[in-house]
Amino acid sequence: MSEIIKAKASCLCGSVKFTVDQMSTSLSSCHCGMCQKWTGGPYLAVEVSGDINFIAGKELVSAYNSSDWANRNFCSKCGSNLYCTLKNEGRYYMPIGIFEGYDKNSIHFDTQIFIDKKPPFYDFSNKTENYTEDQIMAQYAEYFEKQASLKK
């Protein structure tokens, strides 16, 4: 069962630091091609709602417009992945590795998306809910249509 916790995060060089008040304890993995290129493997992320409370380095956060529907944000000094956002959504998907000072036992790896895009050379032993690309695209179809209409 997913809960909401507070957590503190930072990039590799420590120039970007922030806290979040609404981090889900549900960990998911994305195996899509973009996430594999962005992270060098599966993207292990938690969903964060609400505001990002910057302690330092907000001006160092750069955004890459990776698609019509998402931005990927990173530290412009060290290149650390900080978060992915769905445009106009108000939610963030943040790599679990940037967080510190939380109870690691509270995190539960329970979902894998784009499972049909996962390369064959690794597997996770955790029992997870798995969703294919087609299932994810169907789940977000309304969102994608909305984004396309905003672009016109």
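Figures for the structure shown
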quantity	calculated
Subset of the stretch 71-91 [modelled with pLDDT of 95 or more and among the basic types (K, R)]	R72, K77
Any hit, the stretch 112-132, residues being out of contact with any strand residue (DSSP E or B) (no Cβ under 7 Å at 6 or more places or on another chain), loosely packed, with under 11 Cβ neighbours inside 10 Å and either aliphatic (A, V, I, L, M) or within 29 Å of D51 (Cα to Cα) (or both)	no
Unmet criterion (only one of (1) farther than 20 Å from K117 by Cα; (2) in contact with a strand residue (DSSP E or B) (Cβ under 8 Å, 6 or more places away or on another chain)) for E89	(2)
Selection from the stretch 32-77 of residues that are farther than 29 Å from E142 by Cβ, touching a helix residue (DSSP H, G or I) at 6+ places or on another chain (Cβ under 9 Å) and hydrophobic (A, V, I, L, M, F, W, C)	C75
Check on L44, closer than 24 Å to T111 by Cβ, modelled with pLDDT of 95 or more and either of a type outside the set (A, V, I, L, M) or under 12 Å from the mean Cα position of the chain (by Cα) (or both)	yes
Residues of the stretch 51-103 satisfying the condition of being within 21 Å of G14 (Cβ to Cβ) and among the polar types (S, T, N, Q)	N53, S62, N73, S76, S80, N81
Matching entry among T25, T19 (being crowded, with 18+ Cβ neighbours inside 10 Å and under 16 Å from the mean Cα position of the chain (by Cα))	T25
Restricting the stretch 93-107 to residues that are surrounded by 17 or more Cβ atoms within 10 Å (Cβ to Cβ) and in a strand (DSSP E or B), the residue that is farthest from the chain's Cα centre (by Cα)	F99
The stretch 4-28 residues that are in contact (Cβ under 8 Å) with a residue 24 or more places away in the chain and farther than 13 Å from P95 by Cβ, paired with ones that are part of a loop (DSSP other than H, G, I, E, B) and aromatic (F, W, Y) (beta carbon under 7 Å, 6 or more apart)	I5/Y102
Cβ-Cβ under 6 Å pairs, at least 6 apart or on other chains, the stretch 42-70 side surrounded by fewer than 18 Cβ atoms within 10 Å (Cβ to Cβ), far side of a type in the set (D, E)	G50/D21
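Here is a yes/no grid of residues against (1) over 15 Å from the mean Cα position of the chain (by Cα); (2) within 16 Å of C30 (Cα to Cα):
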{"position": "N65", "(1), (2)": "no, no"}
{"position": "C78", "(1), (2)": "yes, no"}
{"position": "L86", "(1), (2)": "no, yes"}
{"position": "D110", "(1), (2)": "no, yes"}
{"position": "D116", "(1), (2)": "yes, yes"}
{"position": "P120", "(1), (2)": "yes, yes"}
{"position": "T128", "(1), (2)": "yes, yes"}
{"position": "D134", "(1), (2)": "yes, yes"}
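The values are calculated or read from the model by the stated rules, or taken from the named source; none is laboratory data. This one's a predicted model, so the numbers in the text were calculated from it and none came from an experiment. Cβ atoms come from the backbone with ideal geometry, glycine included; neighbour counts cover every protein chain shown.
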